[in-house]
Structures are given as structure tokens and as C-alpha cells.
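First the structure, in the form of C-alpha cells, and then the observations on it.
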Amino acid sequence: MASMGTNSNGHKRKKVAVMFGGRSVEHEISVITGLQLIKALDPIRWDPYPVYIAPSGKWYYGKKLLDKSFYLAMPGSLSEVTEVTLLPKPGVGGLTILQNPEDHASPVIPIDIFLPAFHGTYGEDGSIQGLFELADVTYTGCGVLGSILGMSKYHSKKIVEAHGVPVLPCQVINRESVEADFGKHLTSLRDQVIKRLGNFPLFVKPCNLGSSIGVVRATCEEELDSALLHALKYDVAAMVEPCLDKKLEINVSVLDDPLEPIASVVEIPVSSTGKELTYEDKYLRGGSKKGDDSMQGMAALTRVIDPEDLDPAVKEKARSYAVTAFKALNASGVSRIDFMLDTTNGVLYFNEINTIPGSFSFYLWMNSKPPVFYTELLNRIISVAQTKAVRKSSVERQVGFKALKK
């Protein structure tokens, strides 16, 4: 991808590898987030390098990745870009070219900062973050621990609960437990769930997934069995929770800050059916327009931002709980924390954290007071990553050979 690498003032721009795609059922949503993000990057400060990870796990780089039509023409279009990788070796300085390296002036494409825009497994769950750590590169967002905790709905709930944020009770069902004795054991597991969580309806969801994929509302024993099997198609564990029929979903974004994380305004997402949000609600509604402007991702969801008729006390509680959860889960960069308000008793429950939220939640920040527009939001995320990288580089990693001399 040709780039002069300097801005209008002659200062060298930092090379930012925007990474998206990945081995996840949320693959195409990540592509939308990545392409949307590249358009919003400050061209004065940053020089974007699109890096696409195909479902096969292969990495590709090239400016043709910026065109949405490229992905609709796969796999044939993959021959038009360069296969690359990141070696788990400090000091390489960027992406190593795997495909015809002799055709390039250097076998390495220099990169200053890695900006992951993945959703789901093998990208948002600590996998790619572990590789970044091994390669000793600067990267945005959560580190390994925060990414792992954020991906597991069960573990994130337990941790925020320990920090005083209310959560609904839940039961985890592992795939091996169902597979052990399919018919008999599934009945036993179902009975355990009902005994612990109460009667129907119940919610069943994959433990380590997002975008409402695999989420089912079960209203009877047969539906619960079917929902468990459906969720376990997408994950090795499923989580069952009570269903709040009279609830209000409330989301808040939290942004890292040198002193204290800050919370955005709240939003109430609106379902097309009046029930739970679906994949179609989040990513396909309002997306029928032609052209690049249709790639709105989560920004296309119908939502009420900073609703005037929502009790100010509920808004502040959501924002306070969101910051608490962000810190408790060791998050960094920008995250979106989702809550459920039980309208029968006013209790606000933590639902989940999205450590790499769709569209990076820019729509919440541009409506905050004062507003933070997408370009500035990305500037802040990258700035925090650079500061943390400098701080981490000051940590002593070697003590020499002492025990081996004895």
C-alpha cells in the first residue's frame, strides 16, 4: 500500500496496522468495524495499514482490502494482496512478508502500532494480544488478562459481582457434560438449571461470543434442550440465566484515561420485535443503502441515546457501574458495558462487557458532553497504548544467569 508516510507539515506519521476479520463467526462484523475505523483515523497523525485475517487464519495486507467488494469476491481476490504474519519475536519491527518476499525491498513492513478491531474468538479473547506481547509491539485496547476476562460472560460476571455490581444468577453447561451421555445427561443438566434458576422463561447463550449469535429464549423444557444444543454449536460452554420479561437494556461506553476511566452517555437499544436484540437488529437494520455509507455496523442499530425520560439516577448508576466493571476487568482502550434494568424493582444488572465494541461505540461518545468524535476517540485510544508501552518497557525482564551457575 503506497504511502508517503509524512503529513503536510513534514512530520513522519506513525504506521498503524488496523487488524480485522479473524477466525470467528463475528468475522464480517469485524471487517465492517475495521474499514469504518480506517476512514475515521486522523490522516495528519496516522498512516493506516489494513491487515485482514481470513477465516483460514492467513494474514493479508494491501490497499485493495479497503474496498468492501474485495470480500465479496473471495477467495479469488486474495491473490491480489500480500500474505504476511507477525512473528512472536521481539525486535522484528513489523509484519513479515510471506508471499514472494523477494518482490519487496524489505521482507518486513514497518509498523509502529497495532490496532485490533476483531470481534469474538481468536481476536478479542486474548489470543492475538498474547502474540502482541510475545512480539513486544505496541497495541491498543485490553491486554491479555482483560481480553480473556471480557470474553467469558461467566467470569466477567463473577468478577464485577465481587466489586459490588449486581448480576443475575447463572449456570454454565459445558459441551463435554452434554456429550457424556447425550439423552440422560441432558435431562439431568436441565433439571439442575431449573432447580437453581427457577422456572421458565430462561436465556441460553454461548459463554464466549457476542453479536447475539447463538442466543435463545427458552419457554419450556424442550426449548431449553434445543437452546443448549444450539448454543453449544458455537462454543464449548453455554450459560443459562433467568429471563427478565419486564426489562430495559442500557448500554454505556467507557474510555481509558491517564487518571480515571470516563463513561459516555447511556443508550437504550431498540429491538425491531420489542423483545431481545438479534444479530439482524444490530447489523442489518438500516443497512440496505448502497455504497460505503451502508457500512455502519453497530451505528446502524435503532437506539435512543441519552434518553430524556430515563431517571437521571439510573443513568448515573449505569455510568458508575460501568467504570467499576471496566477497572475490575482490567480493561483498556474503549469498551461498551451492557446492563439490564429490571423495571419491576429498579435493580440494574451487569450483563456483559464488549472489550472491542462494534464501531468502537463512537456514536455514544459523539453524543456525550463534551462530545468526543470518532477521530479524537481513536487518537485517545492510540495515545493510551503508546503510554502503556513506554511504561511496560521500563520493567526489568532479565536477572541474568545465577541459578545455572550453582
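The values are calculated or read from the model by the stated rules, or taken from the named source; none is laboratory data. Fair warning: this is a prediction, and the values are worked out from it, not measured in the lab. All Cβ positions, even for glycine, are placed from backbone atoms using ideal geometry, and neighbour counts span all protein chains on display. The accessibility values were calculated without ligands, DNA or RNA, using every heavy atom of the protein model including side chains. Shrake-Rupley method; radii C 1.70, N 1.55, O 1.52, S 1.80 Å.
Which ranges mark the helices (runs of 4 or more DSSP H) fully within region 80-186 that have 1 or more residues being at pLDDT 95 or above and surrounded by fewer than 16 Cβ atoms within 10 Å (Cβ to Cβ)? Can you show your working first?
Details: elements: 127-135, 144-151, 153-162, 175-180.
Here the list reads 127-135, 144-151, 153-162.
Among the candidates V16, V51, single out the residue that is β-branched (V, I, T), within 10 Å of L65 (Cβ to Cβ) and in contact with a Leu (Cβ under 9 Å, 6 or more places away or on another chain). Write out each step before concluding.
Values: V16 fails: within 10 Å of L65 (Cβ to Cβ).
Selected residue: V51, the only one of V16, V51 that is β-branched (V, I, T), within 10 Å of L65 (Cβ to Cβ) and in contact with a Leu (Cβ under 9 Å, 6 or more places away or on another chain).
Please specify each residue of region 39-48 satisfying the condition of being over 13 Å from F362 (Cβ atoms) and either open to solvent by less than 20 Å² (accessible area, probe 1.4 Å) or assigned to a helix (DSSP H, G or I) (or both).
Within region 39-48, the subset over 13 Å from F362 (Cβ atoms) is 42-48.
Those that are over 13 Å from F362 (Cβ atoms) and either open to solvent by less than 20 Å² (accessible area, probe 1.4 Å) or assigned to a helix (DSSP H, G or I) (or both): W46, D47.
Looking for whichever is surrounded by 16 or more Cβ atoms within 10 Å (Cβ to Cβ) and over 22 Å from the mean Cα position of the chain (by Cα) here; the options are V204, V193. Which one fits?
Values: V204 fails: over 22 Å from the mean Cα position of the chain (by Cα).
Step by step, each of V204, V193 is checked, and only V193 is surrounded by 16 or more Cβ atoms within 10 Å (Cβ to Cβ) and over 22 Å from the mean Cα position of the chain (by Cα).
If you scan region 242-259, which residues turn out to be surrounded by 16 or more Cβ atoms within 10 Å (Cβ to Cβ) and closer than 27 Å to C142 by Cα?
E249, I250, N251, V252, S253, V254, L255, D256
Would you say E223 is part of a helix (DSSP H, G or I) and over 19 Å from H155 (Cα atoms)? Walk me through how you get there before you give the answer.
Values: part of a helix (DSSP H, G or I): yes; over 19 Å from H155 (Cα atoms): yes.
So E223 fits the description; yes.
Can you tell which of T355, T302, T387 is surrounded by fewer than 15 Cβ atoms within 10 Å (Cβ to Cβ), touching a residue at least 24 places away in the same chain (Cβ under 8 Å) and closer than 27 Å to C207 by Cα?
Values: T355 fails: surrounded by fewer than 15 Cβ atoms within 10 Å (Cβ to Cβ); T387 fails: closer than 27 Å to C207 by Cα.
The match here is T302.
Counting only residues that are assigned to a helix (DSSP H, G or I) and in contact with a strand residue (DSSP E or B) (Cβ under 6 Å, 6 or more places away or on another chain), which one in region 361-380 is surrounded by the most Cβ atoms within 10 Å (Cβ to Cβ)? If you could, list the steps in order and put the result at the bottom.
Step one: of region 361-380, the residues assigned to a helix (DSSP H, G or I) are 361-365, 374-380.
Still in the list and also in contact with a strand residue (DSSP E or B) (Cβ under 6 Å, 6 or more places away or on another chain): 361, 364-365.
On the way: S361: 26, L364: 29, W365: 22.
Only one residue fits best here, namely L364.
Filter region 59-76 for residues that are more than 20 Å from T33 (Cβ to Cβ) and of a type outside the set (A, V, I, L, M); which is surrounded by the fewest Cβ atoms within 10 Å (Cβ to Cβ)?
Let us first name the residues in region 59-76 that are more than 20 Å from T33 (Cβ to Cβ), namely 73, 75-76.
Now restrict to residues that are of a type outside the set (A, V, I, L, M): 75-76.
Details: P75: 9, G76: 7.
Looking at the filtered set, the residue picked out is G76.
Going through region 321-331 one residue at a time, which ones are surrounded by fewer than 23 Cβ atoms within 10 Å (Cβ to Cβ) and closer than 18 Å to R380 by Cβ?
Of the residues in region 321-331, the ones surrounded by fewer than 23 Cβ atoms within 10 Å (Cβ to Cβ) are 323-324, 327-328, 330.
Residues satisfying the conditions are V323, K327.
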